[in-house]
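The values are calculated or read from the model by the stated rules, or taken from the named source; none is laboratory data. Being a predicted model, the structure only gives us computed values, none of them experimental. Using ideal geometry, Cβ is built from the backbone for each residue, glycine included, and neighbour counts are taken over all protein chains shown. Ligands, DNA and RNA are stripped out before the accessible areas are found, and what is left, the full protein with its side chains, is counted by its heavy atoms. Shrake-Rupley method; radii C 1.70, N 1.55, O 1.52, S 1.80 Å.
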Amino acid sequence: MELHTAQMDRLPQIEALFQAVNAQMEREGIAIWDDIYPAVAFPEDIRQKRLYVLTQGPELLGAFALCPWTLEGSGMGWAEPDEPACCLERLAVRVDRRGEGLGAAALEHAAKLAREQGARYLRLLVADFNAPAIGLYEKCGFRRVEGIYKLEIDGSLIMQEYGFERKL
């Protein structure tokens, strides 16, 4: 398994990966993503060189964005809020390869990249009802922090998210 910075020529594969993950989440009653998000973020993620893909030969196995941490004033109970951190966003792995450790591998790659970028923590937010993702993060050494981040969507819907962090 190899990690690469995503390139624009991979965009159709990346979008197909996330569409499959979104369809699987909908079947499981986890309505977080849609036809707009996260796909709308991919071109800028690629331009900013913050979208990474896991591959095996030509096969795309997963993808994630590693972004600068921007929620310092979020009211979450981060262990050391002033320490440098990176934020993991938009993590997805192939649904037909679930249970093969791809999510854990992606998290290890993200942690290594964050360390190389000078971060002391890898942080993320996850919807409070996304039990499969929460289980993965806990299994991979992430600690849930105190507090709930409330994300307003379209002025009428508020999604509650838990914060998780892993010291690097």
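For the chain, set up a GNM with springs between Cα atoms under 10 Å and report which of G99, G135, G155 has the largest fluctuation.
Fluctuation is largest for G155.
On the protein heavy atoms, probe 1.4 angstrom, tell me the percent of accessible surface of segment 1-135 carried by carbon and sulfur.
In segment 1-135, the share of accessible area belonging to carbon and sulfur is 51 percent.
In the Gaussian network model of the chain, springs joining C-alpha atoms below 10 Å, which of P12, P58, P132 carries the largest mean-square fluctuation?
P58
How many lysine pairs does the chain hold where the Cα atoms are under 19 Å apart and the two sit 8 or more places apart or on different chains?
Lysine pairs, 8 or more places apart or on different chains, close enough: 4.
Taking the Cα centre of each part, how many Å lie between segment 93-108 and segment 110-138?
14
Assigning unit charges at the beta carbon (Lys, Arg +1; Asp, Glu -1) and nothing else, what dipole magnitude in debye, to the nearest 20, does segment 31-74 show about its Cα centre?
Here segment 31-74 has a charge dipole of around 220 debye.
Based on Cβ point charges of +1 for Lys and Arg and -1 for Asp and Glu, what charge dipole magnitude is obtained for segment 117-168 about its Cα centre, in debye rounded to the nearest 20?
420
About its Cα centre, what dipole magnitude does the chain give when the only charges are +1 on Lys and Arg Cβ and -1 on Asp and Glu Cβ, stated in debye to the nearest 20?
Around 500 debye, computed over the chain.
Kirkwood hydrodynamic radius, computed over distinct alpha-carbon pairs, for segment 1-151: how many Å, to one decimal?
Evaluated on segment 1-151, it is 15.9 Å.
Out of E26, E59, E89, any idea which swings most in a Gaussian network model of the chain, alpha carbons joined below 10 Å?
E59
Report the one residue of A41, I30, A110 whose Cα lies farthest in the direction of the positive end of the charge dipole of the chain (charges on C-beta: Lys and Arg +1, Asp and Glu -1; origin at the Cα centre).
A110
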